[in-house]
Amino acid sequence: MEFSIPSDVAELQKKVRAFVEEVAIPAEKEYDYNDGRMPEATNQRMRAEAKKRGLWTPHLPRKSGGLGLNLVGTGLVFSELGRSPIAPYACNCDAPDEGNMHLLLEAANAEQAKLFLEPLIAGDIRSAFAMTEPPPGAGSDPAALSTNAVKEGEEFVLNGHKWFCTGANGARFLIVMARVNGSFRKTTLFLVPTDSPGYTMVREVGVMGSHGPGGHCELTFENVRVPANMVLGRVGEGFRLSQVRLGPARLTHCMRWLGMSRRAMEIAREYARTRQLFGSKLGDHQGIQWMLADCATRIESGYLLTLKAGWTLDQGQDARHIISMAKLHVSEILCDAIDLAIQICGSSGYSRDLPLELMYRDARAARLADGPSEVHRMVLGRGLMSGKEEF
Ligand SMILES: Cc1cc2nc3c(=O)[nH]c(=O)nc-3n(C[C@H](O)[C@H](O)[C@H](O)COP(=O)(O)OP(=O)(O)OC[C@H]3O[C@@H](n4cnc5c(N)ncnc54)[C@H](O)[C@@H]3O)c2cc1C
């Protein structure tokens, strides 16, 4: 195993750390608690600065305007960026656009790339990925998918109901997962512009954490006509392509979450270094040191797991098992690390004077979105029981 970091990636990590310290963390104070997101003017200011510093879309290949990192390099860079929850969007590498760019790079034809991928990379538009449906439709169990497209001549007529589509409010287009002619086997991804007649953004669902630039939205599709050339890939490739998107997207989530977990620990350590009680610094108490030690050990194990999963994908190998492990493990570390940091910081941790309160609420979604922990445990357990995967 090779653990050294290439010198160009190490340099990039330093640049990213400087961006997070000098630009993103100071801007966090501008978060609008009433609106549940950053003001757009702040986002645009940070985006301009990220471009100026050469940190725009770092995850993309060089020919697409990125920095040509493999997934291990992306992990090293994203875990620095993730220290601030607003830094990934500033560099145009946050969910869902980051995963959607990756999917379009893999599957879009020339016309689709020109219409959707190029402006997405430029940061001129936003996108959303619409798979989840309100009960009884698809959620943890994709077999319940009810959105359906019927072929009529050179068009598909799409009907369905989706929700929790992150970023859909104000998005230029959606990637919508639907059956074709009622067939689950023919599940397909469709590119749907948001000005299509019959499409409605019903509402941004109220959530406990941030709404982000375009909320987590409920959508309806009533006889939306999608030209046949707006099928992404081929009819029936919906699940294969969604795995092309979801595998790396789960890992890039882990990478950002590791940065967030480290930031929580840094805040807690700073408090423990300065807070005086019972005749010594809080951090002199062994109970606190052990809390930090256990948490740092878990973060490091999640980091190695995530990088190994990235390395496995970089080798072109099947990484589903190890990605599930990383997603399960790191989402739980994230919640635990922030919870611990709040405990160490006492009432300050619970207050809005520190960012932990917001981080805590945002982090809760990590154990649900992109597959709840139980689904990843199920997938891992089935692989182990069948003997397809080993311990
Ligand atoms: C903040 C946020 C953003 C999201 N963004 C998107 C997005 O952009 N696009 C999109 O398509 N979806 C998105 N989702 C939806 C997310 O992927 C789903 O919430 C997830 O797939 C679970 O589906 P569900 O909510 O319908 O829960 P359900 O399927 O109803 O499951 C409920 C609970 O059942 C438990 N469970 C499930 N399976 C098992 C099992 N086998 N054994 C035991 N227990 C089990 C789990 O605890 C689960 O949380 C987002 C969700 C959140 C919270």
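Can you find, within segment 126-154, the residue that is surrounded by the most Cβ atoms within 10 Å (Cβ to Cβ) among those that are part of a loop (DSSP other than H, G, I, E, B) and near the ligand (Cβ under 7 Å from one of its atoms)? Residue satisfying both the conditions and the ranking: 131. Take the conditions (1) without any contact (Cβ under 8 Å) to a residue 24 or more places away in the chain; (2) open to solvent by 70 Å² or more (accessible area, probe 1.4 Å); (3) under 30 Å from residue 324 (Cβ atoms); residue 293 misses just one of them, which is (2). Exactly one residue among 214, 206 is free of Cβ contacts under 8 Å to residues at least 12 places away in the same chain and either in a strand (DSSP E or B) or within 15 Å of the ligand (Cβ to nearest atom) (or both), and that residue is 206.
For every residue, the table says whether it meets (1) farther than 13 Å from residue 90 by Cβ; (2) surrounded by 14 or more Cβ atoms within 10 Å (Cβ to Cβ); (3) modelled with pLDDT of 95 or more.
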site	(1), (2), (3)
25	no, yes, yes
32	yes, no, yes
35	yes, no, yes
46	no, yes, yes
52	no, no, yes
63	yes, no, yes
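Among residues belonging to segment 176-200 that are open to solvent by less than 10 Å² (accessible area, probe 1.4 Å) and of a type in the set (A, V, I, L, M, F, W, C), point out the one that is nearest to the ligand (Cβ to nearest atom). Here the answer is 177. Checked against (1) among the aliphatic types (A, V, I, L, M); (2) touching a Pro at 6+ places or on another chain (Cβ under 8 Å); (3) modelled with pLDDT under 95, residue 1 passes all but a single condition, namely (2).
Residue-level check: of (1) more than 22 Å from the chain's Cα centre (by Cα); (2) open to solvent by less than 10 Å² (accessible area, probe 1.4 Å); (3) of a type in the set (A, V, I, L, M), residue 258 misses just (1).
When residue 106 is tested against (1) open to solvent by 10 Å² or more (accessible area, probe 1.4 Å); (2) closer than 20 Å to residue 249 by Cβ; (3) over 23 Å from the mean Cα position of the chain (by Cα), only condition (3) is not met.
For every residue, the table says whether it meets (1) within 16 Å of the ligand (Cβ to nearest atom); (2) assigned to a loop (DSSP other than H, G, I, E, B); (3) open to solvent by 30 Å² or more (accessible area, probe 1.4 Å); (4) on the phi > 0 side of the Ramachandran plot.
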residue: 156; (1), (2), (3), (4): no, no, no, no
residue: 162; (1), (2), (3), (4): yes, no, no, no
residue: 169; (1), (2), (3), (4): yes, yes, yes, no
residue: 174; (1), (2), (3), (4): yes, no, no, no
residue: 202; (1), (2), (3), (4): yes, no, yes, no
residue: 218; (1), (2), (3), (4): yes, no, no, no
residue: 229; (1), (2), (3), (4): no, no, yes, no
residue: 239; (1), (2), (3), (4): yes, no, yes, no
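Condition test on residue 141, is it under 18 Å from residue 245 (Cα atoms), at pLDDT 95 or above and out of contact with any strand residue (DSSP E or B) (no Cβ under 8 Å at 6 or more places or on another chain)? In short, yes. Only one of the numbered conditions (1) in a loop (DSSP other than H, G, I, E, B); (2) farther than 28 Å from residue 319 by Cα; (3) open to solvent by 40 Å² or more (accessible area, probe 1.4 Å) is not met by residue 68, and that is (2).
The values are calculated or read from the model by the stated rules, or taken from the named source; none is laboratory data. Being a predicted model, the structure only gives us computed values, none of them experimental. Heads up, the Cβs are rebuilt from the backbone with ideal geometry, glycines too, and the neighbour counts pull from every protein chain shown. Accessible surface is based on the protein model in full, side chains and every heavy atom, while ligands, DNA and RNA are left aside. Shrake-Rupley method; radii C 1.70, N 1.55, O 1.52, S 1.80 Å.
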